[in-house]
1. Determine the alpha carbon to alpha carbon distance for each of 48/74; 108/160; 32/56; 108/157; 108/149; 18/76 and list only those over 22 Å.
2. Based on Cα coordinates alone, diagonalise the gyration tensor for region 101-161, multiply each eigenvalue by 5, take square roots, and list the semi-axes in whole Å, largest first.
3. Give me the one-decimal Kirkwood hydrodynamic radius in Å for region 3-77, with the sum taken over alpha-carbon pairs.
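Derivation of every value follows stated rules applied to the coordinates shown; laboratory data play no part. Fair warning: this is a prediction, and the values are worked out from it, not measured in the lab.
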Amino acid sequence: MSTVEFNQMLLNNAEFLKPFAITLTRDSEAAKDLFQETLYRAMANQEKYNVGTNIKAWLYTIMRNIFINNYRRKAKQNTIFDSTPNDFLINQTQLLTNNAAVSNINMKEIHAAIHQLPEIFKSPFLLYFDGFKYNEIAEMLDEPLGTIKSRIHFARKLLKNQIQRH
């Protein structure tokens, strides 16, 4: 295909790109730039066009790829690097003190709440709390896997409501 024939085919099929460019960019000036860039790339890559293929699809692909590449380029440019020193984090562990009393009280409340659960929820939840997996608990209690998951879920809900009240 000669350059003149290709350019004529390009001009005959270029108008449909304008609404697509506006849809992609949502900005008329950016859409004009994208449209021009697409036509330029199509003309520059004429040798890559296979005669007989859908020119509209080829142009759509070029436009979409240009848009995506520009978007990625802008996203990289908008990345902000924080180069401020984080010296305040160096001695942060010295500011913290462990208060085992508070955590022990919280754990006692949690264990008390667990033991107040109905037995049907308590036994699977305690096994789960001890680190067993759902399928292991289902085998131990000889119950279906879905039943075990459901009971543990309801146990969590009951515990959450009970602990929030305190």
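1. Beyond 22 Å between Cα atoms: 48/74; 108/149; 18/76.
2. Equivalent ellipsoid semi-axes, largest first: 23, 12, 9 Å.
3. 12.7 Å
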